[in-house]
Structures are given as C-alpha cells and as structure tokens.
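One structure is given here, and the rest of the page talks about it.
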Amino acid sequence: MAEISDAIAMIKKAESDAEQIIVDSEAKSKDLIAESNAAAEKLISEAKIAAEEEAQKTVFDAEDKAKKEALDIAEQSNVDIKSIKDKAVGNVDEAASIIVKNIL
C-alpha cells in the first residue's frame, strides 16, 4: 500500500510540477513577447527618425541646388541684358545717323 501511496504522491507532484512549468513558461513567453514588441517599436521609431532626417536633408539639398541654379540664371540674365543693351546703344548712333541723312 505504501508503494501505491508513494506512486500517487509522485504522480501528483509531477502534475503540480508540470502545471508550474506551464505557468512559468506562459509568464516567460509573455515577457519575451513584450520585450520583442518594445524592441520592434524602438527599431521602428529609430527608422522613422532616420527616414525623416534623410528626407529633410534631401529637401535642404534640393533647395540649395535650386537657389544656386536661380543665382546662376540671374547672373547669366544680367550678362545677356548688358550685351543686348550695349548692342542697342551701338545701334542708336547708327539709327540717328540714318534718320539725320533721311531728313536732310
């Protein structure tokens, strides 16, 4: 009888140990899931920040390039305007000469 009683006690202890292992495993699993979620959120947040910084840098670079191109165009326009003005001034004397000859 003692052997049966000992066997039953061992079975109950094994069941209790198994239940405790299940409870501990579930708790550990929940902790691992929480840690994984926190790590994933951190990575996502860092990726978003990096992407925003890169996008902002790209916008600033594009703005700088556009400003430089605008300045280059303005400088070239000034050169072209001066050239046209100089030609026009040169033509004024010739036009005045032709007008004077036609009037006289």
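No lab work stands behind these numbers, since they all come straight from the coordinates. Computed from a prediction, not measured in an experiment: that's the story for all the values here. Neighbour counts run over all protein chains shown; Cβ positions are idealised from the backbone, glycine included.
Which length gain, in nm to one decimal place, applies between LEU43 and ILE81 when the Cα-Cα distance is subtracted from 0.36 nm times their residue separation?
Full extension from LEU43 to ILE81 adds 8.1 nm.
If you only keep lysine pairs separated by 8 or more in sequence, or across chains, how many in the range 2-104 come under 17 Å at the Cα atoms?
4
Between ILE73 and ALA2, what is the label-to-label distance in nm when each label sits 7 Å out along the Cα-to-Cβ direction?
10.4
Per DSSP helix of 4 or more residues, -39500 (n - 2.57); summed, then divided by the residues of the chain. What does that give at 222 nm, rounded to the nearest 500?
It comes out at -38000 deg cm²/dmol, rounded to the nearest 500.
Expressed as an acute angle from 0 to 90° and rounded to the nearest 10, what is the orientation of the C-alpha long axis of helix 2-103 relative to the principal long axis of the chain?
0
So what is the diffusion coefficient of the range 1-101 in µm² per second by Stokes-Einstein at 10 °C and 1.306 mPa s, using a Kirkwood Rh over Cα pairs?
Once the numbers are plugged in, D ends up at 70 µm²/s.
Provide the descending list of Cα extents for the range 1-43 along its principal axes, expressed in whole angstroms.
Principal-axis extents of the range 1-43 (Cα, largest first): 62, 7, 5 Å.
Measure off 7 Å from each Cα along the Cα-to-Cβ vector at ALA62 and ALA14, then give the distance between these two points in nanometres to one decimal.
Taking the simple label geometry, ALA62 and ALA14 are separated by 7.0 nm.
With +1 assigned to the C-beta of every Lys and Arg and -1 to the C-beta of every Asp and Glu, and no other charges, what is the dipole magnitude of the range 46-104 about the Cα centre in debye, to the nearest 20?
540
What's the magnitude of the charge dipole for the chain around its Cα centre, counting Lys and Arg as +1 and Asp and Glu as -1 at the beta-carbon? Answer in Debye, nearest 20.
Charge dipole, the chain, about its Cα centre: 960 debye, nearest 20.
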